[in-house]
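Here is the structure we will look at, set down as structure tokens.
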Amino acid sequence: MRFIDLFAGIKIVFEENGFECVFSNDFDRYCKITYDYNFSELLNPQKEMSLGDIAKISSDKIPDFDILAGGFLCQPFFVAGYKQGFNNKKG
């Protein structure tokens, strides 16, 4: 089965269980750098993460998929997000 990974969250779990990641996205450029370093399969450009606001990416740029995997942003719940939790619009 094919899946897309939004907000760079759960790719490893799905791939270890036989799923194929056909698209990844995040809006944070540092996340993209780390993600591409770890997952680009020898710098294959087709495996690199898409960078940008998912709400602004045209649906014709996203390959067909069976499962959409994604998670809410966790930074507001940790020290880096000043522990604002649900009081932060990302939380």
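The residue of region 69-91 that is modelled with the lowest pLDDT, among those that are within 12 Å of the chain's Cα centre (by Cα) and open to solvent by less than 100 Å² (accessible area, probe 1.4 Å), is L73.
Does K32 meet the test of being at pLDDT below 85, out of contact with any Gly (no Cβ under 9 Å at 6 or more places or on another chain) and either part of a strand (DSSP E or B) or buried (at least 16 other Cβ atoms within 10 Å of the Cβ) (or both)? Yes. Only a single item in (1) touching a strand residue (DSSP E or B) at 6+ places or on another chain (Cβ under 8 Å); (2) assigned to a loop (DSSP other than H, G, I, E, B); (3) open to solvent by less than 80 Å² (accessible area, probe 1.4 Å); (4) modelled with pLDDT of 70 or more is not met by G18, and it is number (1).
Residues are listed down the side, and each one gets a yes or a no for (1) surrounded by 15 or more Cβ atoms within 10 Å (Cβ to Cβ); (2) within 18 Å of E15 (Cβ to Cβ); (3) modelled with pLDDT under 70:
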{"position": "N44", "(1), (2), (3)": "no, yes, yes"}
{"position": "M49", "(1), (2), (3)": "yes, yes, no"}
{"position": "D60", "(1), (2), (3)": "no, no, no"}
{"position": "D66", "(1), (2), (3)": "no, yes, no"}
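The values are calculated or read from the model by the stated rules, or taken from the named source; none is laboratory data. Keep in mind that what you see is a predicted model, and the values were worked out from it rather than measured. Glycine also receives a Cβ, built like all others from the backbone with ideal geometry; neighbour counts cover every protein chain displayed. With ligands, DNA and RNA removed, areas are computed over all heavy atoms of the protein, side chains included. Shrake-Rupley method; radii C 1.70, N 1.55, O 1.52, S 1.80 Å.
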